[in-house]
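Q: Below you will find the structure I want to go over with you.
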Amino acid sequence: MKQKLLLDENIPRSVRKLLLKKGLDVKTVLQIARGSRNSDIALRAISENRIILTMDSDFLRFKRPLQEKIRVILIKVHAASAAKLAEIVAKNLTKCLGLLRRRRIVILTEAGVD
């Protein structure tokens, strides 16, 4: 089954292009719900069985019922260019997706998956 992702507003277009080239089903918050609250984005991701890709740690602070249903890749890379961010995602995406089969949250840093 093709992995389905929902990219938060803070994810650069270059990352989206990379994910599309890899054959993933990618939607962005800008396409479907620009300006939405994080909780609404989370509910949309759950309803469409999508993994949220974000740089916003607020996605880790939902109350328990919602937190137990979402899957999130949180990118914690500071001051990276869009190209560098895309490179980090490309290098670690397979591992992130694999870990999300067993857990709900994966944290991606410049050093790799935490």
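Laboratory data are not the source of any read-out in this text; all were calculated from the coordinates shown. These numbers were taken from a predicted model, which means no experiment stands behind them. FYI the Cβ positions are ideal-geometry reconstructions off the backbone, even for glycines, and counts take in every protein chain you see.
Q: In region 29-44, is there at least one residue being basic (Lys, Arg) and exposed (fewer than 14 other Cβ atoms within 10 Å of the Cβ)? If you could, list the steps in order and put the result at the bottom.
A: Within region 29-44, the first condition is being basic (Lys, Arg), and the residues that meet it are 34, 37, 44.
Imposing the further condition that a residue be exposed (fewer than 14 other Cβ atoms within 10 Å of the Cβ) reduces the set to 34, 37.
Scanning region 29-44 turns up at least one residue that is basic (Lys, Arg) and exposed (fewer than 14 other Cβ atoms within 10 Å of the Cβ).
Q: When you look at ASN49, is it polar (S, T, N, Q), in a loop (DSSP other than H, G, I, E, B) and closer than 24 Å to HIS78 by Cα, yes or no? Step through it out loud before you land on a result.
A: Working: polar (S, T, N, Q): yes; in a loop (DSSP other than H, G, I, E, B): yes; closer than 24 Å to HIS78 by Cα: no.
No: the conditions fail for ASN49.
Q: A further question follows. Is there any pair linking a residue in region 74-94 that is without any contact (Cβ under 8 Å) to a residue 24 or more places away in the chain and part of a helix (DSSP H, G or I) to one that is surrounded by fewer than 16 Cβ atoms within 10 Å (Cβ to Cβ) and not aliphatic (A, V, I, L, M), with Cβ under 6 Å and at least six apart or on different chains, and which?
A: The qualifying pairs are ASN92/GLY112.
Q: Output the number of the condition that VAL15 fails; it satisfies all remaining conditions of (1) touching a helix residue (DSSP H, G or I) at 6+ places or on another chain (Cβ under 7 Å); (2) closer than 16 Å to ALA82 by Cα; (3) part of a loop (DSSP other than H, G, I, E, B).
A: Evaluating VAL15 over (1) touching a helix residue (DSSP H, G or I) at 6+ places or on another chain (Cβ under 7 Å); (2) closer than 16 Å to ALA82 by Cα; (3) part of a loop (DSSP other than H, G, I, E, B) leaves (3) as the failure.
Q: Any residue that is within 22 Å of ASP114 (Cβ to Cβ) and exposed (fewer than 15 other Cβ atoms within 10 Å of the Cβ) - is there at least one of those in region 2-12?
A: Our first condition is that a residue be within 22 Å of ASP114 (Cβ to Cβ); within region 2-12, this holds for 3, 5-8, 10-12.
Right, trim to exposed (fewer than 15 other Cβ atoms within 10 Å of the Cβ) and you get 10.
Looking through region 2-12, at least one residue is within 22 Å of ASP114 (Cβ to Cβ) and exposed (fewer than 15 other Cβ atoms within 10 Å of the Cβ).
Q: Filter region 72-114 down to the residues that are among the β-branched types (Val, Ile, Thr) and in contact with an Asp or Glu (Cβ under 9 Å, 6 or more places away or on another chain) and list them by number. Outline the logic, then answer.
A: Kept after step one, since they are among the β-branched types (Val, Ile, Thr), are these residues of region 72-114: 72-73, 75, 77, 88-89, 94, 105-107, 109, 113.
Residues satisfying the conditions are VAL77, ILE88, VAL106, ILE107.
Residue-wise test of (1) closer than 20 Å to VAL15 by Cα; (2) hydrophobic (A, V, I, L, M, F, W, C); (3) part of a helix (DSSP H, G or I).
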position	(1), (2), (3)
ARG34	yes, no, no
ASP40	no, no, yes
ARG44	no, no, yes
LEU53	yes, yes, no
LYS69	no, no, no
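Q: Moving on. Quickly run through region 92-114 and pick out the residues that are of a type in the set (Lys, Arg) and surrounded by fewer than 12 Cβ atoms within 10 Å (Cβ to Cβ).
A: Filtering region 92-114 for residues of a type in the set (Lys, Arg) gives 95, 101-104.
Within region 92-114, ARG101, ARG102, ARG103 meet the criteria.
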